[in-house]
1. With respect to the numbered conditions (1) in contact with a helix residue (DSSP H, G or I) (Cβ under 9 Å, 6 or more places away or on another chain); (2) outside any loop (DSSP other than H, G, I, E, B), which one is the sole condition not fulfilled by LYS35?
2. Kindly indicate whether ILE54 is closer than 28 Å to HIS12 by Cα and in contact (Cβ under 8 Å) with a residue 12 or more places away in the chain.
3. Mind telling me which of the residues VAL63, VAL76 ends up being surrounded by 15 or more Cβ atoms within 10 Å (Cβ to Cβ), without any contact (Cβ under 8 Å) to a residue 60 or more places away in the chain and either among the aliphatic types (A, V, I, L, M) or over 15 Å from ILE125 (Cβ atoms) (or both)?
4. Any residue in the range 42-51 that is at pLDDT below 90, exposed (fewer than 11 other Cβ atoms within 10 Å of the Cβ) and either in contact with a Leu (Cβ under 8 Å, 6 or more places away or on another chain) or more than 17 Å from PHE120 (Cα to Cα) (or both)?
5. Tally time: how many residues in the range 82-95 are in contact with a Ser or Thr (Cβ under 7 Å, 6 or more places away or on another chain) and modelled with pLDDT of 85 or more?
6. What residue, of ASN29, ASN15, ASN69, is among the polar types (S, T, N, Q), out of contact with any strand residue (DSSP E or B) (no Cβ under 6 Å at 6 or more places or on another chain) and outside any helix (DSSP H, G or I)?
7. Does ILE81 count as on the phi < 0 side of the Ramachandran plot and in a strand (DSSP E or B)?
8. Go through the range 51-66 and give me each residue that's in contact with a strand residue (DSSP E or B) (Cβ under 6 Å, 6 or more places away or on another chain) and outside any strand (DSSP E or B).
Amino acid sequence: MELNPAAEKQSHYDNAYAYVSEVFAPYQNVKILRKKSEDAFMLFTDNYFDYVYIDGEHSYDAVTRDLTNYFPKVKVGGYLIGDDYGWEGIAPAVQAFLKLHRNDCIFLDDPYAGRTGGQFAIKKIK
């Protein structure tokens, strides 16, 4: 019997989508989009979200792209929140983003981020 890793991986994501859709079904204000983040951000106007949670591809380039694309979509006083800050590509991308936007945001991190992967949050102040 030949295994198909791509089909197994897709099945995992199909199951996750079904679960998340079921959990949020009672909430009228939640819409689950099944799109790549670089396609989905264009569907929203700037200053649309109170917060955006990023847990996507973990490469430096992908994290940079997600932060850059979604930062304008967050309202002033809102947050970009992410996972796995301690991973190799994520912390450097976040830190480079913060340098570019040093006057526009405040960085909040998990004190355990470096050891456990941890969460991070960027508060938009302008």
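1. Unmet condition: (2).
2. Judged against the criteria, ILE54 is a match.
3. One residue alone meets the criteria, VAL63.
4. Taking every residue of the range 42-51 in turn, none turns out to be at pLDDT below 90, exposed (fewer than 11 other Cβ atoms within 10 Å of the Cβ) and either in contact with a Leu (Cβ under 8 Å, 6 or more places away or on another chain) or more than 17 Å from PHE120 (Cα to Cα) (or both).
5. The number of residues fulfilling the criteria is 2.
6. Going through ASN29, ASN15, ASN69 in turn, the sole match is ASN29.
7. yes
8. Scanning the range 51-66 gives a single hit, ASP66.
The values are calculated or read from the model by the stated rules, or taken from the named source; none is laboratory data. Keep in mind that this is a model prediction, so the values were computed, not measured. Quick reminder, even Gly has a Cβ in these numbers, built from the backbone with ideal geometry, and neighbours come from all protein chains shown.
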